[in-house]
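First the structure, in the form of structure tokens, and then the observations on it.
The values are calculated or read from the model by the stated rules, or taken from the named source; none is laboratory data. These figures come from a predicted structure and were not determined experimentally. Backbone-built Cβ (ideal geometry, glycine too); neighbour counts: all protein chains shown. Protein only, heavy atoms only, side chains kept; ligands, DNA and RNA dropped before computing areas. Shrake-Rupley method; radii C 1.70, N 1.55, O 1.52, S 1.80 Å.
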2 protein chains.
Amino acid sequence: MTTAAITKSNSSLSSVISKNAFPVVSNEAGWRCHGNLWSNLREVCELLRIPTPAASADEEVLFQHVRYKAGQRVHTIGQDFDTLYIVNSGFLKTVLIDEYGNEQVLSFPMKGDLLGIDGIHNQHHASEAVALSDCDIILMPYKTFSALGRTYAELEQAMFSVMSRELVREQIMIGMLSALSAEAKVARFLTTLGERFSQLGYSGKSFNLRMTRHEIGSYLGLTLETVSRTLSAFNEMGMISVDQRQIALLDVPALKTLRRLPPAKARIKVSEKVSALVGKNLLPQWGKEVAVALN
Amino acid sequence: MTTAAITKSNSSLSSVISKNAFPVVSNEAGWRCHGNLWSNLREVCELLRIPTPAASADEEVLFQHVRYKAGQRVHTIGQDFDTLYIVNSGFLKTVLIDEYGNEQVLSFPMKGDLLGIDGIHNQHHASEAVALSDCDIILMPYKTFSALGRTYAELEQAMFSVMSRELVREQIMIGMLSALSAEAKVARFLTTLGERFSQLGYSGKSFNLRMTRHEIGSYLGLTLETVSRTLSAFNEMGMISVDQRQIALLDVPALKTLRRLPPAKARIKVSEKVSALVGKNLLPQWGKEVAVALN
DNA sequence: CGTTTGCTTGATGAGATTCAACACTTGTGG
DNA sequence: CCACAAGTGTTGAATCTCATCAAGCAAACG
């Protein structure tokens, strides 16, 4: 693996260089080389939250970073597949386009997520990845990926694990789409987004949505109006606070257990709730601490 | 790989034997040995529709078949993961169980499909696989799977491809769940089921549903009543014929392009339609050949 | 032969979409 | 600099789709 292909830095689909081939400068985030940032295998593994192969300390393979501006596409539907992408920073969406040109949002990848897996099958991308903010993305040529997997058994195992993780995520998504009410979908969306942010070291309670109401609606199988209305309702009930795209989660347990919103006339603010009244022995029809009926 | 583990045939989670270790009898479907059926790598690859590694002609690894009766579980949620399953014959469902014990159907695997991938991540199954008919299933211990992938590069590549295929399938499922009407969901369900049957050499126009209306509804995010009503409506319009679980697809193009059913009073039978009246230059609001307004 | 399970069909209503109007922000070009 | 357009978000009213509740029937089963 020390004789990997050498690519000029101005090539958009570059791949791998030997660390010895160019003068490189180490820093915390990777190596800067000819104006581009590069990462080694250890950094990539940490990003993907998989164990670093023990024997790879002397690995000389480097992976190029590429920057995308908001709105740019990382890959498009039908494009030939030859590289995987790992998000180093920024926020994206992946979409499917149906026969009428409508976008269907599939996921909102962020730091540490792997993009492009859908292209492995039949060598063409089935979906499109669009940057929602400026992004820094690491290129992992599929050939290099395969070669590394062959060299390091643990790495290959980890890649299967990452794909399996993604599959499970989509299964849960399917379950959520077909079983939950609109309110429950929005509530889950907010809490899982918060969890993802806090896993990355950011605040899980207060964050900025990087996507439009329309994109959220597409992701959840709702219209943008329903999303907007639901956020307003949560806000009015004191479960969250909304100001444009700035969100604060004020009652995460309520959001997590919410299944269905009570009729509007029965709603009261969370601040007025009497926790002692909330039974814990039965399956509540509504979220345990969402609301208390007026009686 | 010629010194694989030897397991007695009465072990339920058996794995791999050397062909030389036992007297085996070859036949068209595999090798019969001590009352059990075994398959070699070539047969497994053909079943999965992936290329057989060229160098594997002399491969001695055999994979045990296990039979499941209708209703039996191949694996359950939370169960330790150590083997993958390949459907050789029969019909199954995979389900998720939510926090209230409700089943959420995720897929209906049949011949040639791979089960258990969801367990690779964190070594526990996230879903449950239940036989809907008597099934014959090939066991592929994950350790053997990994070892084979290490030995045959093409095989490893093919396994990534199979997982990618599964991922794309789920993505399309997500798009369908969140974007289509109830009628369109049922129509798609029928046509894709027909396509799968015809790929297996059976009739794609006339087949038996192996699952209940309830299971179809769970899979599509609908209630069983809606599924029943929709099938009845399709039947009345002449697009399909339904007799209990026996289905015949009479107008596949109509089913494929259907987006939304016209109001009941405007429906006419397909047999009465005047094809010449159907414009082809605009996106039709309803399926191109579903119905013609009365005017 | 009663019981269970699956399927169909009708009546009704809740929940989500659709259509529409308006406010707010952002970017553009004169 | 402002006018204007385009994109985004909120909210209301009307509509419609689909779920729910309920009843009845057929097939399967012990």
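Numbers for the structure displayed
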quantity	calculated
Residue in the stretch B:209-231 that is away from DNA strand D (no atom under 12 Å from the Cβ), over 18 Å from the mean Cα position of the chain (by Cα), surrounded by 15 or more Cβ atoms within 10 Å (Cβ to Cβ) and at positive phi present	no
The stretch B:155-172, residues that are within 13 Å of the chain's Cα centre (by Cα) and facing another protein chain (nearest Cβ under 7 Å)	B:Arg165, B:Glu166, B:Glu170
Selected residue (criterion: farthest from B:Gly201 (Cα to Cα)) from residues of the stretch B:82-137 that are out of contact with any Lys or Arg (no Cβ under 8 Å at 6 or more places or on another chain) and of a type in the set (Gly, Ala, Ser)	B:Gly101
Residue in the stretch B:133-146 that is more than 10 Å from every other protein chain (Cβ to nearest Cβ) and assigned to a helix (DSSP H, G or I) present	yes
Check on B:Ser198, over 27 Å from B:Ile86 (Cα atoms) and free of Cβ contacts under 8 Å to residues at least 40 places away in the same chain	no
Residues that are small (Gly, Ala, Ser) and facing another protein chain (nearest Cβ under 10 Å), drawn from the stretch B:92-115	B:Gly101, B:Ser107
Total residues in the stretch A:253-273, condition at pLDDT 50 or above and assigned to a helix (DSSP H, G or I)	5
Of the criteria (1) more than 10 Å from chain A (Cβ to nearest Cβ); (2) within 19 Å of B:Met163 (Cβ to Cβ), which one B:Glu128 fails	(2)
Where B:Arg188 falls short, out of the listed (1) over 14 Å from the mean Cα position of the chain (by Cα); (2) surrounded by fewer than 18 Cβ atoms within 10 Å (Cβ to Cβ)	(2)
Counted residues, the stretch B:82-132 - those being assigned to a loop (DSSP other than H, G, I, E, B) and open to solvent by less than 10 Å² (accessible area, probe 1.4 Å)	7
Odd one out for B:Leu155 among (1) open to solvent by 20 Å² or more (accessible area, probe 1.4 Å); (2) farther than 25 Å from A:Ser107 by Cα	(1)
Leading residue by the ranking (farthest from DNA strand D (Cβ to nearest atom)) among those in the stretch A:176-208 that are closer than 30 Å to B:Ser181 by Cβ and of a type in the set (D, E, K, R)	A:Arg188
Count of residues meeting criterion [open to solvent by 20 Å² or more (accessible area, probe 1.4 Å) and either aromatic (Phe, Trp, Tyr) or not in a helix (DSSP H, G or I) (or both)] in the stretch B:51-81	17
Contacts under 6 angstrom Cβ, first residue in the stretch B:201-222 being closer than 16 Å to B:Arg188 by Cβ and within 14 Å of chain A (Cβ to nearest Cβ), partner within 8 Å of DNA strand C (Cβ to nearest atom) and open to solvent by less than 20 Å² (accessible area, probe 1.4 Å), 6 or more apart	B:Ile216/B:Val227; B:Gly217/B:Val227
Residue selected from the stretch B:36-50 under the condition in a strand (DSSP E or B) and open to solvent by 10 Å² or more (accessible area, probe 1.4 Å), by the criterion modelled with the lowest pLDDT	B:Asn36
Count of residues meeting criterion [in contact with an Asp or Glu (Cβ under 9 Å, 6 or more places away or on another chain) and not aliphatic (A, V, I, L, M)] in the stretch B:113-150	14
